1. Hey, what number do you get for the chain at 222 nm if only DSSP H runs of n ≥ 4 count, each worth -39500 (n - 2.57), divided across all residues, to the nearest 500?
2. If you take the beta carbon distance between residue 128 and residue 171 as r and set R0 to 30 Å, what does 1/(1 + (r/R0)^6) give as a FRET efficiency, to the nearest 0.05?
3. Measure out, as a whole number of angstrom, how far apart the alpha-carbon centroids of region 26-88 and region 187-236 sit.
4. Take 39, 158 and order them by how many other Cβ atoms sit within 10 Å, fewest up front.
5. What value in Å³ per residue do you get for the convex hull of the alpha-carbon atoms in the chain?
6. What does the charge count near residue 127 come to, summing +1 for each Lys or Arg and -1 for each Asp or Glu among other residues with Cβ under 11 Å from its Cβ?
7. Amide H to amide H, which residues 5 or more places from residue 77 or on other chains are under 5 Å from it, using H placed in the peptide plane?
8. Fully extended, how many nm does the chain gain between residue 47 and residue 198 (0.36 nm per residue separation, minus their Cα-Cα distance)?
Amino acid sequence: MAPAAAGQAASPSASSPTFSPLYQQIKALITQSLQSGEWKPGELIPSEVELAARFKVSQGTVRKAIDELAAENLVMRKQGKGTFVSTHHEARAHFRFLRLMPDEGVPHYPESKFIEVKRTRAPADVARLLELKSGDAVVFIKRVQSFDGMPTIVEELWLPGLIFKGLTAERLVEYKGPMYGLFESEFGTRMIRAAEKIRAVCADEGAASLLQVAQGTPLLMAERVSFTYGDKPVELRRGLYSTERHHYQNDLN
């Protein structure tokens, strides 16, 4: 793949007068290769020297492109080993989208109990957020996540039915890694970023029962839409968090 398209993108035109720096064009070409599966999650990508030769640009331009991809967690540099496609199977990836941290002790992944898994029709609000048509097939998942035996999170998830055809309760129960790892390895769908809204709510009867708290207890409610390549939404997740022993942590930079 030569960067001819990249060079053309820099030329102003009547319909698209914007200028894209060369490293951004190289970043876009590398991202296309990630999206097409040329280099799969966990795999080593070609060296900066090899990529520079492939795209006919300087090694510094490639390095700058990879710096941005690493900052966005699309690739990961390993000292002395090279640059790898990021994967949700990496231990550190488990906490990229889980921001609930223990007040004491070391963060660890919760245990899941699945309450409901079914194929259904997308309600209008779900369809809008997932960019589907109202009534399109979705997979609905409801689960309780516990830390050290204490129920802490109630989650409801909606996934596009076409992408996640074949996802069953049995498969979710038998899979022992993070759910995003399953989505990545078995459904070819990698979550690369998420947008989240958080508000305070009171536990209704159902949530109180599942979280083993009194009705009316303050909870955090997070609504998160996760996106794959091309900013395509592929998951809607609504969670209720008990903060009796945990807090929501977000590092701002």
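Only the coordinates and a few stated rules stand behind these numbers; no lab work does. Being a predicted model, the structure only gives us computed values, none of them experimental. Cβ sites come from the backbone with ideal geometry, for glycine too, and all protein chains shown count toward neighbours.
1. Details: 8 runs with 70 residues, N = 253.
Rounded to the nearest 500, the figure is -7500 deg cm²/dmol.
2. 0.60
3. The two parts, judged by their Cα centres, are 31 Å apart.
4. Sorted ascending by nearby Cβ count, the order is 39, 158.
5. Once divided by residue count, the hull of the chain is 162 Å³.
6. 0
7. For residue 77, the qualifying residues are 84.
8. The residue 47-residue 198 span can extend by a further 50.3 nm.
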